[in-house]
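One structure is given here, and the rest of the page talks about it.
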Amino acid sequence: MADGLLSTLMAELRKAPGMRERSPGKWELIVEAGRDPVTGGRRQVSRSFSGNMREAKKARAELLSEVGKGRHTGSSATVDELCGEWLKELERKGRAPSTVHNYQKTYRHNIEATLGSVPVRKVSTKMLTDLYGEHQKRGLAPRTVYQIHATMSSMMTQACRWGWRDSNPAQWAEPPAAPNTVPIVPTPEEVRSLMQAAQESRRPEYAHAIFVAATTGLRRGELCALRRERDIDWDRKLLTVANNVVDLNGRALEEAATKNRRVRKVAVDDRTLELFAEQIEMMEKRAVEAGTELVADAYVFSDAVDGSEPWRPGAVTLYFGRLRKRVGLDHLKFHSLRKFMETYGQDLGFSPVQVALRAGHDPSVAAKHYTGNVAESDRALADAVSSLLAES
């Protein structure tokens, strides 16, 4: 009986908090690591150890220290689950719908099949490097592979913020270098030829759109979002650029904030203002012929007879593609018109800061030195760029 009591006492001595002796000299060390941020369940970190009790206690103390420093706080969530929560977070923070859509598309097409079921805490730099390499082998362009890297990097940064892991594995993964591309800038003659071809087509209103895009530098979605009363100050000759038409597959058209979510005032010259008036007059005539009238604050560019619906940005791209082919300018894109204003504005002697702000870029440091609603220099820039497209 004494031997049995001794054995029981020895067994109790070998039971310490967070330690379990599986067999003589073989220990399981257990440390509480809080709750899983996804499931809400309690989380534990365990480690096997061989040695005597004193050594096991020392090893557990080291494990406890590691957990305290966040080295074992990874969530049990998979990369798929992280992606879903991350996209919701981007929407909460007001990222542009097109930006969220493009991130989602990149993930679904190029990441999900390989890493979707992998736990977030187990994603390694080597996994990401291998992913980039496989996509390169199958012929993806370096810029596309870089987008995959940017998506993973942003996701893993968010995982670190949430405490799902303690470091970002994308920090050390190296995607292929994206080649530097020279912006394609149309000449004034090329822009005039595009306008002439549009004027002679069944869609002469596109000549107006091309001129406005070339003189103001408006993005495609910003151009489509223009309304005749809300956004055009006819007396002061100003545009208020605050909205952007979002055209995503499978979704209805919607208006959102501009790309950088800022509102800007853009000066317009007399010729651009005349074209706006011509465009509105054209739409009013079309409405009368259809037995209706324009809505109170019609879109400036609309295929609806009452002007209640904006052009689809995607349709603008399709039309421009046909138009450029017709005049032998296949190398140009609608975005090239924006580059026209930016490039020739600087060539005419206006500062990069002025041009960038007119285009809606966000040079935060330079903006501190650009005060007032619309500087006189911006009005001079509007006149100068417009004069390039005047008929010679």
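Rule-based calculations on the coordinates, nothing more; no lab input. Bear in mind the structure is a predicted one, so any value in this text is a computation, not a measurement. All Cβ positions, glycine included, derive from the backbone under ideal geometry; neighbour counts span all protein chains shown.
Ordered by the count of other Cβ atoms within 10 Å of each Cβ, fewest first, PHE211, PHE340, PHE276 give PHE276, PHE211, PHE340. Ranked for footprinting exposure by Cβ neighbours inside 10 Å, fewest first, VAL246, VAL355, VAL288, VAL182 give VAL182, VAL288, VAL246, VAL355.
For region 303-316, backbone phi angles converted through the Karplus equation (6.51, -1.76, 1.60; θ = phi - 60°) give residue-by-residue couplings of 9, 6, 4, 9, x, 8, 10, x, 4, 7, x, x, 5, 4 Hz, Gly and Pro being listed as x. Averaging Cα coordinates gives a centre for region 295-317 and one for region 87-146; these two points are 35 Å apart. Going by neighbour counts of Cβ atoms within 10 Å, the residues GLU274, GLU281, GLU205 line up, fewest first, as GLU281, GLU274, GLU205. Look at the alpha carbon pairs under 8 Å that are at least 6 residues apart: their mean separation over the length of the chain gives a relative contact order of 13 percent. Excluding same-chain neighbours fewer than eight residues apart, the lysines reachable from LYS339 by a Cα-Cα span under 21 Å are LYS259, LYS265, LYS325. Modelled this way, with points 7 Å down the Cα-to-C-beta line, the labels at ARG143 and GLU189 are 2.7 nm from one another.
Helix 97-110 and the longest principal axis of the Cα set of the chain meet at an angle near 50°. The helix-based estimate of mean residue ellipticity at 222 nm for the chain, built from -39,500 (n - 2.57) per DSSP H run of four or more residues and divided by its residue count, is -15500 deg cm²/dmol to the nearest 500.
Highest mean packing first, where packing is the average number of other Cβ atoms within 10 Å per residue, the peptides 219-226, 250-257 line up as 219-226, 250-257. Compared with the dominant principal axis of the Cα atoms in the chain, helix 188-199 is inclined by about 80°. Residues in region 285-295 carry Karplus couplings, in order, of 5, 5, 5, 4, 5, 8, x, 9, 8, 5, 5 Hz; the curve used is 6.51 cos²θ - 1.76 cosθ + 1.60 with θ = phi - 60°, and Gly or Pro positions show x. Here the Karplus curve 6.51 cos²θ - 1.76 cosθ + 1.60, taken at θ = phi - 60°, turns the phi angles of region 44-54 into couplings of 10, 10, 10, 8, 7, 8, 10, x, 7, 5, 4 Hz, with x standing for Gly and Pro. Checking (1) 173; (2) 137; (3) 200 against the coordinates, the calculated volume of the Cα convex hull per residue in Å³ falls under label (3).
Shape of region 79-171 from its Cα gyration tensor (a ≥ b ≥ c, root eigenvalues): rounded if a/c is under 1.5, otherwise prolate when a/b > b/c, or oblate?
Judged from the Cα gyration tensor, region 79-171 comes out oblate (a/c at least 1.5, b/c at or above a/b).
Proximity of backbone amide H atoms, modeled 1.01 Å from N, is registered between VAL300 and LEU226, ARG227, ARG228 at under 5 Å, excluding neighbours fewer than 5 places apart on the same chain.
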